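Below: one structure, written as structure tokens.
The values are calculated or read from the model by the stated rules, or taken from the named source; none is laboratory data. Bear in mind the structure is a predicted one, so any value in this text is a computation, not a measurement. Cβ coordinates were reconstructed from backbone atoms using ideal geometry, including for glycine residues, and neighbour counts include every protein chain displayed.
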Amino acid sequence: MGAHSHSDSFSYRPIGKYDFEEFIDMAIRFHNYPAPGLLVGGYMVEEAKRQIPRGVLYEAIAETGWCLPDAVQMLTPCTIGNGWLRVVHHGVYGLVLYDKFTGEGIRVWLDIAKFPKDSEIRTWYLKLRPKIEQDSDRLRHEIGMLGSDILSSGPVKVRKQHLGKRSKGRIVICPGCGEAYPAKDGNVCKICQGNTLYEPMPGMPKGGFLTGSHPEA
């Protein structure tokens with residue numbers, strides 16, 4: 001039985017101004033799937049927003065790259081592209097909204113100590129069973145019923161060196177590949193330093209983005 005079919009018998013916790021079923025639909029459109037981490041993340045974002053003083057210009061930190069950044073982007077003005085959302089790969093399910101000038105903010109995290117015993121949430125989060133054996137409908141139902149009850153929060157202050165507007169700095173031309181890059185990265189761009197993601201294949205141009213070699217004339 002899915003989350004939608006429970007709505008006649010149960011009252012799910014809203015996620016900000018959205019009811020739970022509405023947020024599921026939003027998650028499908030934005031994320032392609034109503035992932036449990038995204039649904040939980042919605043409650044996390046709204047809990048942090050609730051505790052941030054009204055009128056504060058805030059930025060965000062997501063402490064994992066799994067699902068949580070999308071919840072931030074769906075429910076706040078903070079995105080990876082505009083630089084107001086920073087993703088740090090600490091591997092924990094926590095996020096921070098903080099005053100962009102002072103660094104003072106609120107950290108919210110998924111608190112294992114608050115999981116009901118024998119809950120599907122515990123099974124999912126701790127991977128006690130393979131994903132194919134988990135009950136996704138029951139999991140969504142539990143998330144919608146518990147909402148922020150499985151979260152904890154507390155004040156934090158972001159270190160000063162992490163505040164302020166990000167900048168590429170001076171831009172120069174890479175002598176290896178001929179592409180423009182931030183001078184602070186070194187004498188050649190990072191790709192020409194060997195940090196390429198691509199395997200050579202027929203038809204691809206030979207350049208720094210592949211091998212670090214100078215493009216052929």
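Residues checked against (1) touching a strand residue (DSSP E or B) at 6+ places or on another chain (Cβ under 7 Å); (2) surrounded by 15 or more Cβ atoms within 10 Å (Cβ to Cβ); (3) assigned by TED's automatic domain parsing to the domain that holds residue 87:
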| position | (1), (2), (3) |
| --- | --- |
| 135 | no, no, yes |
| 138 | no, yes, yes |
| 143 | no, yes, yes |
| 148 | no, yes, yes |
| 152 | yes, yes, yes |
| 174 | yes, yes, no |
| 177 | no, yes, no |
| 193 | no, yes, no |
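Candidates in segment 55-105 are the residues that are of a type in the set (Asp, Glu) and in a strand (DSSP E or B); of these, the one that is surrounded by the most Cβ atoms within 10 Å (Cβ to Cβ) is 59.
Do you know which residues across segment 118-132 are under 18 Å from residue 41 (Cα atoms), part of a helix (DSSP H, G or I) and of a type in the set (A, V, I, L, M, F, W, C)? Across segment 118-132, the qualifying residues are 121, 124. Scanning segment 1-33 for residues that are crowded, with 20+ Cβ neighbours inside 10 Å and at pLDDT 95 or above turns up 12, 15, 20, 23, 24, 27.
Yes/no per residue for (1) acidic (Asp, Glu); (2) assigned to a strand (DSSP E or B); (3) under 20 Å from the mean Cα position of the chain (by Cα):
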position	(1), (2), (3)
145	no, no, no
148	no, no, yes
152	no, yes, yes
161	no, no, no
175	no, no, no
188	no, no, no
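Checking each residue in segment 77-108 for being out of contact with any strand residue (DSSP E or B) (no Cβ under 6 Å at 6 or more places or on another chain) and within 20 Å of residue 23 (Cα to Cα) picks out only 77.
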